[in-house]
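These notes are about the structure you will find just below.
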């Protein structure tokens, strides 16, 4: 279903020393440094799998998600999702995926949530019947009935995130990418979001790839974990595999992860 | 009971999703009634002052002027009435913002062309602004005394050319701003581009002084630039300044620029998406 081979993504980052002198120098000759966000990344994901994608900040998690969702073009390597190369057939590809960026909003700021949903219905060309069915199911599962008519700007973060997730599932995609969906949420909202994702996966067999820094997300949701650091895939296995690597199975998960980061020197 | 199968237009024609963007922008624009009223007052005052200034020149100057006072009045009133259709200095803030802060990521994971989406958005907001502003300005301008009033002095053929040319001018203006929007993907900061593009378009497009008032040699060059294919042509057709064989020539020039700018914009879109770098993590 998702097949990734030898993927590499390089960013050009401009660098300069602090101070007037170097700022002046920078005017005439600009120093760029190539940063390899992803190097030789290969993995595959089967239909209906839930994969947790973890690693420290700047490890390349979001870049991977953006490549898989057709936004970025990698420098090297291939990736085939549902028989398509995302960045080559972007429009066809994105019809079949849903994406949530926890740190951004896809909802229209000043109008009620339901208007954003209607717009998405037109964008994805969802038929009325399918739209009504999806909407009803999502409203029930995410308890949105009371907030649908509220403008986005007046929603709490937890309410908004539930709406964001609903928005990315209206067209019933077979793959869902979640980039830090629980960031900044309180305990109740976190549990609601986790619960929903789990159910969605069970009922619709939606393939889910999720990035997070919250190890409890991983524990609650995913059976498979991919650890990435400095753009390289370091580990691909279960939570128990992860614990074995550091040999401290009785520690809490965050400590296990920290020990792992230390071991691979990626922190 | 008769069974009627409802065809969901939206599913049959992919174009309808872009019409949705147009509709949203159009309807949003219509909500700002007080802004429109303020716009009408400003444009009317501005047009009047401009005409008074020109009249002072006409009365004191001894030379021959390239446009009669009546022609000039028609030009100025159309310019004020349809300002929002052709103003290059008006930019869609949310397009720049989405590029600058990386929210464009969400737009890129939709099954739409961002070029076409932004193009229809721009058309929508420009047309809705113009609809509210043009009627009162044109109406008032018709009742002004000679030679300040707006009079129709052209035949049927010219009217048809005028309407065609108005449409083309809007397409040229929007396609031109689309090129600037697309270039923003490469420059990260848009302000420099905005200012340069807007100043060039204003001055060389006949927004400050109509192009016939420029030196003749310069005019020959200006007529070849995209800026002359914006408001300059339709307004001069209406005022009777462009006629005969020049009608065909000017409209052909406009069509050429629509095609060139569209292709350039689409090309830049393609390049931008290949090397895009979503800012802000």
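The values are calculated or read from the model by the stated rules, or taken from the named source; none is laboratory data. The model shown is predicted, which means the values in this text are computed figures rather than measured ones. As a convention, Cβ positions derive from the backbone with ideal geometry for all residues, glycine included, and neighbour counts pool all protein chains shown.
For segment B:87-189, list the helices (runs of 4 or more DSSP H) that sit wholly inside it and hold at least 3 residues that are under 16 Å from residue B:234 (Cα atoms); which are they?
Working: elements: B:93-101, B:104-108, B:114-142, B:156-187.
Ranges flagged: B:114-142, B:156-187.
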Practice item. Run residue A:53 past the list (1) more than 19 Å from residue A:179 (Cα to Cα); (2) buried (at least 18 other Cβ atoms within 10 Å of the Cβ) and report the number of the one that doesn't hold. Key: (1)
Review point. For residues in segment A:65-100 being under 18 Å from the mean Cα position of the chain (by Cα) and assigned to a strand (DSSP E or B), which is surrounded by the fewest Cβ atoms within 10 Å (Cβ to Cβ)?
Key: A:80
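Tally time: how many residues in segment A:66-94 are in contact (Cβ under 8 Å) with a residue 60 or more places away in the chain, within 13 Å of another protein chain (Cβ to nearest Cβ) and farther than 18 Å from residue A:171 by Cβ? Spell out how you get there, then give the answer.
Initial filter on segment A:66-94 (in contact (Cβ under 8 Å) with a residue 60 or more places away in the chain): A:67-69, A:72, A:74-82.
This time we only want the ones that are within 13 Å of another protein chain (Cβ to nearest Cβ), so: A:67-69, A:72, A:74-75, A:81.
Now drop any that are not farther than 18 Å from residue A:171 by Cβ, which leaves A:67, A:72, A:74-75.
The number of residues fulfilling the criteria is 4.
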Review point. Tell me, which helices (runs of 4 or more DSSP H) lie completely within segment B:195-281 with 1 or more residues that are buried (at least 20 other Cβ atoms within 10 Å of the Cβ) and under 20 Å from the mean Cα position of the chain (by Cα)?
Key: B:232-238, B:245-275
Review point. Is there any pair linking a residue in segment B:252-281 that is within 19 Å of residue B:187 (Cα to Cα) to one that is assigned to a helix (DSSP H, G or I) and at pLDDT below 80, with Cβ under 6 Å and at least six apart or on different chains, and which?
Key: none
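How many of the residues in segment B:124-139 are touching a helix residue (DSSP H, G or I) at 6+ places or on another chain (Cβ under 6 Å) and either closer than 30 Å to residue A:69 by Cβ or buried (at least 16 other Cβ atoms within 10 Å of the Cβ) (or both)? Steps first, please.
Of segment B:124-139, the ones touching a helix residue (DSSP H, G or I) at 6+ places or on another chain (Cβ under 6 Å) are B:124-126, B:128-130, B:132-134, B:136-138.
Adding the requirement that they be either closer than 30 Å to residue A:69 by Cβ or buried (at least 16 other Cβ atoms within 10 Å of the Cβ) (or both) leaves B:124-126, B:128-130, B:132-134, B:136-137.
Total satisfying the criteria: 11.
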Study note, to complete from the structure: Reported set for segment A:101-122 where residues are in contact with a helix residue (DSSP H, G or I) (Cβ under 8 Å, 6 or more places away or on another chain), assigned to a loop (DSSP other than H, G, I, E, B) and at the interface with chain B (Cβ under 8 Å from one of its Cβ atoms) is A:104, A:105, A:106
Review point. Regarding residue A:257, is this residue modelled with pLDDT of 90 or more and farther than 18 Å from residue A:102 by Cα?
Key: no
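Which of the residues spanning segment A:101-134 are under 19 Å from the mean Cα position of the chain (by Cα) and surrounded by fewer than 17 Cβ atoms within 10 Å (Cβ to Cβ)? Quick ask: steps written out before the conclusion?
The initial filter retains those residues of segment A:101-134 that are under 19 Å from the mean Cα position of the chain (by Cα), namely A:101-107.
Result: A:103, single match.
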Practice item. Go through segment A:1-61 and tell me which strands (runs of 3 or more DSSP E), entirely inside it, have 1 or more residues that are farther than 22 Å from residue A:223 by Cβ. Key: A:2-15, A:31-45
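Considering only segment A:210-227, I want to know if a residue exists there that is part of a loop (DSSP other than H, G, I, E, B) and buried (at least 22 other Cβ atoms within 10 Å of the Cβ).
Start the filter on segment A:210-227 by keeping residues that are part of a loop (DSSP other than H, G, I, E, B), which leaves A:212-214, A:222-223.
Of the ones still in play, those that are also buried (at least 22 other Cβ atoms within 10 Å of the Cβ) are A:222.
So far as segment A:210-227 goes, yes, one or more of its residues are part of a loop (DSSP other than H, G, I, E, B) and buried (at least 22 other Cβ atoms within 10 Å of the Cβ).
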Review point. Any residue in segment B:226-247 that is free of Cβ contacts under 8 Å to residues at least 40 places away in the same chain, out of contact with any helix residue (DSSP H, G or I) (no Cβ under 6 Å at 6 or more places or on another chain) and within 14 Å of chain A (Cβ to nearest Cβ)?
Key: no
Exercise for review: Consider only pairs whose beta carbons are under 9 Å apart and that are at least six residues apart or on different chains; among these, list those whose first residue lies in segment A:123-134 and is more than 14 Å from residue B:20 (Cα to Cα) and more than 7 Å from chain B (Cβ to nearest Cβ) and whose second residue is in a loop (DSSP other than H, G, I, E, B) and at pLDDT below 90.
Suggested key: A:129/B:8
